[in-house]
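Asker: Let me begin by handing over the structure; questions about it come next.
Any read-out appearing in this document is the output of simple, stated calculations on the displayed coordinates, not a laboratory observation. Please read these numbers as outputs of a predicted model, since none were measured by experiment. For neighbour counting, all protein chains shown are included, and Cβ atoms are generated from backbone atoms with ideal geometry for every residue, glycine included.
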Amino acid sequence: MKDILEKIRKEAMERMESAENLDRLNEIRVAYLGKKGELTQVLKSMKDVAKEDRPKVGQMVNDTRAVIEERLEDIRQQIAAKQREAQLAAETIDVTLPAKKMRVGHRHPNTIAQEEVERVFVGMGYEVVEGPEVELDYYNFEALNIPANHPAKDEQDTFYITKDILLRTQTSPVQVRVMEKQKPPIRIIAPGRVFRADEVDATHSPSFHQIEGLVIDKNITLADLKGTLAEFAKEMFGPETKVKFRPHHFPFTEPSAEMDITCFKCGGKGCRMCKGEGWIEILGCGMVHPKVLKMSGIDPEVYSGFAFGIGLERIALLKYEIDDMRLLYENDVRFLNQF
Ligand code: DAH
């Protein structure tokens, strides 16, 4: 009996040592310790053992069982640990790998220029307002002192939705909308998209942007206009920038002017940027026409004001030295990423 048990122990040990996984180990456990396993068979054959030897043999069977069980548990733990290690190795994430680059968008040169203009005027106490792109003929022309047969209407031909509703040709109608609603003092800028029936070329587009400005209060004079716009030019194009006002005509201002700045590239000497002029035109402006004030419900005897209109694309093209306006609308990220 002792030999049989010894043989079982040895065999069980060898098989357990070579078990490569937990399933295999379990099969071995069943084969030796299970209900029909070899050790159980031995116990069953106890009836053939002499009565006085039974306790001793029983003890030997139990010892063998204990030894096998103990070793089985050891090996089970070893295999489990190995499997876990293998799993961890297989699931390793290399945190030193460079992350996938996040491709984020980029502000459009128009937007950058607009925010810059807004920053300057907000700094001077202006409020930023908006008006509709689809506008009434009344606000776009009539209320700005451009009656039905006025030649200025030809210069600003646009897209009509009906006889009375059109795509605005300028941001100036926002002036009227603000004056109708708000009592002076008024200090606003109104950036936005405008439309004209123009052919596309390097300096024209049927859709572009303007920034309108309006100041109405008591005792506003041409000196306020000049001081404000000269300050704006310095903030926008550098502290050395000088301004020049050329008389002009706009139906909704009187007097009217166009403002030039000294070329920020050559400082006024003349270069390719300013086409040899030394000066660059950047906006239209003037003192708000009394008729316009009156039509908007503001008493021109009490209040006066100035207005100006800046071409946003023009500022962006100048500031970033872009020589073709079409580049602004193509949305080619290789172009846009440069600013
Ligand atoms: N609205 C004019 C245009 O589109 C620009 C302009 C000129 C606006 C003079 C003004 C102004 O407010 O005072 O050509």
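Asker: In whole angstrom, how far apart do the alpha carbon centroids of region 17-35 and region 221-238 sit?
Answerer: 92
Asker: Thr92 to Arg15: FRET efficiency via 1/(1 + (r/R0)^6), r the Cβ-Cβ distance, R0 25 Å, to the nearest 0.05? Could you put the intermediate results ahead of the total?
Answerer: Values: r = 33 Å, r/R0 = 1.33.
Efficiency computed from Cβ-Cβ geometry: 0.15.
Asker: Can you tell me how much longer the chain between Lys163 and Glu70 gets when fully stretched, taken as 0.36 nm per residue apart minus their C-alpha distance, in nm with one decimal? Intermediate values should be presented prior to the final figure.
Answerer: Details: separation 93, 0.36 × 93 = 33.48 nm, distance 9.92 nm.
Stretched out fully, the Lys163 to Glu70 stretch lengthens by 23.6 nm.
Asker: Which of Gln77, Leu33, Met16 sits closest to the plus end of the dipole of region 2-90, meaning its Cα is farthest towards the positive end, when Lys and Arg get +1 and Asp and Glu get -1 on the C-beta?
Answerer: Checked the options; the winner is Leu33.
Asker: What do the square roots of 5 times the Cα gyration tensor eigenvalues come to for region 2-90, in whole Å, largest first, as semi-axes of the equivalent ellipsoid?
Answerer: Numbers: eigenvalues 204, 23, 17 Å².
So the equivalent ellipsoid measures 32, 11, 9 Å along its semi-axes.
Asker: Continuing with this model, one more query. Report the full-extension gain for the segment Glu118 to Arg103: residue separation times 0.36 nm, less the Cα-Cα distance, to one decimal in nm.
Answerer: 2.6 nm
Asker: Taking neighbour Cβ counts within 10 Å as the exposure measure, how do Cys266, Cys274 sort from fewest upward?
Answerer: By the 10 Å Cβ count, ascending: Cys266, Cys274.
Asker: Extent of region 203-339 along each principal axis, from alpha carbon coordinates, in Å, largest to smallest?
Answerer: 53, 33, 23
Asker: Given 0.36 nm per residue, what is the gain on full extension from Ala197 to Glu321 after removing their alpha carbon distance, in nm?
Answerer: 42.0 nm
Asker: Treating only the Cβ atoms of Lys and Arg (+1) and Asp and Glu (-1) as charged, compute the dipole magnitude of the chain about its Cα centre; round to the nearest 20 debye. Mind showing how you got there, number by number?
Answerer: On the way: 49 positive and 56 negative charges, 307 e Å.
With Lys and Arg at +1 and Asp and Glu at -1, about 1480 debye.
Asker: I need Arg272, Arg9, Arg71 ordered by Cβ neighbour count within 10 Å, fewest first.
Answerer: Result, fewest neighbours first: Arg272, Arg71, Arg9.
Asker: Same structure again: Using the Cα centre as the reference, give the magnitude of the dipole from point charges on the C-beta atoms of region 2-90 (Lys, Arg: +1; Asp, Glu: -1; all else neutral), rounded to the nearest 20 debye.
Answerer: Details: 19 positive and 18 negative charges, 72 e Å.
With only Lys, Arg, Asp and Glu charged at Cβ, the dipole is about 340 debye.
Asker: How would Asp3, Asp217 line up from fewest to most surrounding beta-carbon atoms within 10 angstrom? Intermediate results must be reported in sequence, preceding the final value.
Answerer: Details: Asp3 7, Asp217 14.
Going from least to most buried by this count: Asp3, Asp217.
Asker: Right, another one. Mind telling me which of Lys101, Lys319, Lys226 comes out most flexible in a GNM of the chain, alpha-carbon contacts under 10 Å?
Answerer: Lys101
Asker: Continuing with the same structure: For an R0 of 25 angstrom, estimate the FRET efficiency from the Cβ-Cβ distance between Asp299 and Tyr138 and round to the nearest 0.05.
Answerer: Rounded to the nearest 0.05, the efficiency is 0.75.
Asker: Tell me which GluC sites (Glu not before Pro) from region 203-263 have a DSSP coil assignment and no more than 13 other beta carbons within 10 Å of their own.
Answerer: Glu240
Asker: A follow-up question, please. What are the ³J(HN,Hα) values, in whole Hz, obtained from phi via the Karplus relation 6.51 cos²θ - 1.76 cosθ + 1.60 with θ = phi - 60°, for each residue of region 284-294 in sequence order, with x given for Gly and Pro?
Answerer: x, 7, x, 8, 4, 4, x, 4, 5, 4, 4
Asker: Compute for the chain: radius of gyration divided by Kirkwood radius, i.e. Rg/Rh, restricted to C-alpha atoms, rounded to two decimals.
Answerer: Checking Rg against Rh, the ratio lands at 1.66.
Asker: Apply 1/(1 + (r/R0)^6) to the Cβ-Cβ distance of Gln182 and Lys242, taking R0 = 35 Å, and write down the FRET efficiency to the nearest 0.05.
Answerer: Once rounded, the FRET efficiency stands at 0.55.
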